[in-house]
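Comments concern the structure below.
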Amino acid sequence: MPAIIRLLTVSFLLCLTATTAVALDTEREDVRDFIENMVSEYDFDAATLTAVLQSAKKQQSILDAISRPAERSKPWHDYRGIFIQQKRIDAGEALWKEHEETIARISEETGVPGEILVGIIGVETYYGRITGNYRVLDALATLGFDYPPRAKFFRKELGQFLVLAREEQVDIDTALGSYAGAMGSPQFIPSSYRHYAVDADGDGRRDLFSSWEDIIGSVANYFVKHGWRENGEVVASATLASTFSGTVPKKNTLKAKQTIGELSEEGVVFATELATDEKAKLIAFDGADGPLYYVGFHNFYVITRYNRSAMYAMAVWQLGTDIAAARSDSLRAAAQ
């Protein structure tokens with residue numbers, strides 16, 4: 001490549017970087033208000049906090065990413081293909097085998113089955129392989145001060161991150177996560193980290209970056225705190241009878257407002273051992289060969305508390321059950 005072209009290319013890249021990563025202006029009124037609030041509510045030192053925020057960088061790629069989440073931009077058959085792959089099932093089975101005693105103990109203590117624990121971590125981060133390359137500070141500062149639709153939420157999460165860093169000795173400068181500031185293998189946002197993470201390995205810290213006991217225990221605790229029912233059904237495949245009189249949802253809502261009996265009377269055909277007065281909801285997805293129908297029960301909607309998406313909950317459930325089936329086959333083969 002000629003020298004002049006190399007020079008122009010480097011100059012272009014430098015200009016591009018300059019426009020996509022800009023230092024946070026701590027003289028802005030909203031930033032000053034944030035600092036004052038953190039000083040008064042959490043007893044932070046104003047000068048120290050200002051210096052921390054001055055190191056935060058606004059990144060356009062973060063704003064771009066939050067504008068096109070996969071749950072809103074992909075049909076179910078494409079979304080499912082991201083997660084329900086043999087290599088991810090195999091990796092989940094390997095994780096379960098490696099941490100078998102921990103998963104068995106935590107599942108017994110909490111009532112959250114192993115397939116849900118590995119399913120969540122498998123969908124979230126491919127079992128810790130993909131945890132995000134954005135500095136959490138940059139992600140939360142970018143969204144908290146330059147993403148008006150949810151600025152209030154992300155400013156709150158930025159504050160929670162700063163408190164978390166103080167409580168759990170998380171390095172503010174090096175902590176990495178998703179474009180939305182979610183951290184570690186279970187991808188907890190800071191407020192969830194502070195409220196639901198547990199010290200399952202007993203070392204005095206809640207470490208969602210490197211302690212698999214804390215990671216697995218914290219996922220289980222999250223589900224317990226959001227109402228997981230031990231041995232409860234999650235979802236059932238369904239078909240619509242020719243006499244179906246209900247309404248197929250154009251958009252899957254995240255609350256079960258009908259009952260099993262009402263759905264059955266409308267002509268939704270599915271199998272369950274739950275009582276007819278249990279809450280349930282018809283779910284519709286775009287399959288590769290046409291519509292797919294399911295009925296979600298209470299525990300299905302508990303999964304959506306982790307991520308507000310019916311597709312997400314279904315991916316967690318299907319990945320987890322596939323891993324559990326593969327594990328059962330392996331244990332059966334080993335016993336022969």
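The values are calculated or read from the model by the stated rules, or taken from the named source; none is laboratory data. Not measured: the values here are computed from a predicted model. In this analysis, Cβ positions are derived from the backbone assuming ideal geometry, glycine residues included, and neighbour counts consider all displayed protein chains.
Once the stretch 64-94 is narrowed to residues that are modelled with pLDDT of 95 or more and among the aliphatic types (A, V, I, L, M), the residue that is nearest to the chain's Cα centre (by Cα) is 82. Scanning the stretch 109-124 for residues that are surrounded by fewer than 20 Cβ atoms within 10 Å (Cβ to Cβ) and of a type in the set (D, E, K, R) gives a single hit, 109. Residues in the stretch 125-142 that are under 17 Å from the mean Cα position of the chain (by Cα) and buried (at least 24 other Cβ atoms within 10 Å of the Cβ): 3 in all.
Before we move on, is residue 257 basic (Lys, Arg) and free of Cβ contacts under 8 Å to residues at least 12 places away in the same chain? Before the answer, list the steps.
Values: basic (Lys, Arg): yes; free of Cβ contacts under 8 Å to residues at least 12 places away in the same chain: no.
Criteria not met by residue 257.
In the stretch 77-108, of all residues being of a type in the set (S, T, N, Q) and part of a helix (DSSP H, G or I), the one that is surrounded by the fewest Cβ atoms within 10 Å (Cβ to Cβ) corresponds to 86.
In summary, residue 220 fulfils each of the numbered conditions (1) of a type in the set (A, V, I, L, M, F, W, C); (2) within 28 Å of residue 141 (Cβ to Cβ); (3) outside any loop (DSSP other than H, G, I, E, B) with the single exception of condition (2).
Restricting 206, 229 to residues that are in a loop (DSSP other than H, G, I, E, B) and either in contact (Cβ under 8 Å) with a residue 40 or more places away in the chain or touching a Lys or Arg at 6+ places or on another chain (Cβ under 6 Å) (or both) narrows the list to 229. Figure legend. Inter-residue proximity from the stretch 148-160: first residues assigned by TED's automatic domain parsing to the domain that holds residue 177, second residues surrounded by fewer than 14 Cβ atoms within 10 Å (Cβ to Cβ) and among the aromatic types (Phe, Trp, Tyr), beta-carbon distance below 9 Å, spacing 6+ or different chains. Indicated pairs: 159/42.
Are any residues in the stretch 198-250 loosely packed, with under 11 Cβ neighbours inside 10 Å and within 16 Å of residue 268 (Cβ to Cβ), and if so, which ones? The answer is 242, 243, 245, 247. For residue 194, the conditions (1) part of a loop (DSSP other than H, G, I, E, B); (2) farther than 24 Å from residue 58 by Cα; (3) out of contact with any strand residue (DSSP E or B) (no Cβ under 7 Å at 6 or more places or on another chain) all hold with the exception of (1).
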